[in-house]
């Protein structure tokens, strides 16, 4: 336990990734041991065939190894290299979050100012019926 080994990702599941560290020796890197930040999807951080450094954090009674990528990374680096990302051209033409928020706030202010101009008119209709 505690050894840092070079390995290769051989399989990815919802709950982690299987890494082969030597011929016939493999272990599981649980999703919580992939990065120091929250990992929602393992495939965002790892890809099959990717070389990684892992630390052996445990061996169960059956001889299965529990591995950690985040423990094998020096403190200066917080995350392992990510798998190549596919660039989306549609996302480049979309407005940013800040632009969307600004537009929403402007629309909201315009609607609110329209309601403030005629406060009695709306209330009179409701009471009159």
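The values are calculated or read from the model by the stated rules, or taken from the named source; none is laboratory data. The structure displayed is predicted, hence computed values, not measured ones. We place every Cβ from the backbone using ideal geometry, glycine too, and count neighbours over all the protein chains shown.
Assess whether residue 70 counts as being in contact with a helix residue (DSSP H, G or I) (Cβ under 8 Å, 6 or more places away or on another chain) and under 20 Å from residue 3 (Cβ atoms).
Numbers: in contact with a helix residue (DSSP H, G or I) (Cβ under 8 Å, 6 or more places away or on another chain): yes; under 20 Å from residue 3 (Cβ atoms): yes.
Against the criterion (in contact with a helix residue (DSSP H, G or I) (Cβ under 8 Å, 6 or more places away or on another chain) and under 20 Å from residue 3 (Cβ atoms)), residue 70 qualifies.
Of note, residue 27 does not satisfy the criterion of being modelled with pLDDT of 90 or more and on the phi > 0 side of the Ramachandran plot. Of all residues in region 4-19, those that are surrounded by fewer than 12 Cβ atoms within 10 Å (Cβ to Cβ) have Cβ atoms under 7 Å from Cβ atoms of residues that are part of a strand (DSSP E or B), 6 or more apart or on another chain, in 15/30. Residue by residue through region 8-34, note down the ones that are within 15 Å of residue 71 (Cβ to Cβ) and either outside any strand (DSSP E or B) or out of contact with any strand residue (DSSP E or B) (no Cβ under 6 Å at 6 or more places or on another chain) (or both). Result: 31, 32, 33, 34.
Taking only region 35-71 into account, find how many residues are assigned to a loop (DSSP other than H, G, I, E, B) and either touching a strand residue (DSSP E or B) at 6+ places or on another chain (Cβ under 8 Å) or within 17 Å of residue 24 (Cα to Cα) (or both).
Step one: list which residues in region 35-71 are assigned to a loop (DSSP other than H, G, I, E, B), which gives 35-41, 45-50, 60-64, 69-71.
Those still in the list that are either touching a strand residue (DSSP E or B) at 6+ places or on another chain (Cβ under 8 Å) or within 17 Å of residue 24 (Cα to Cα) (or both) too: 46-50, 60, 62-64, 69, 71.
Qualifying residue count, region 35-71: 11.
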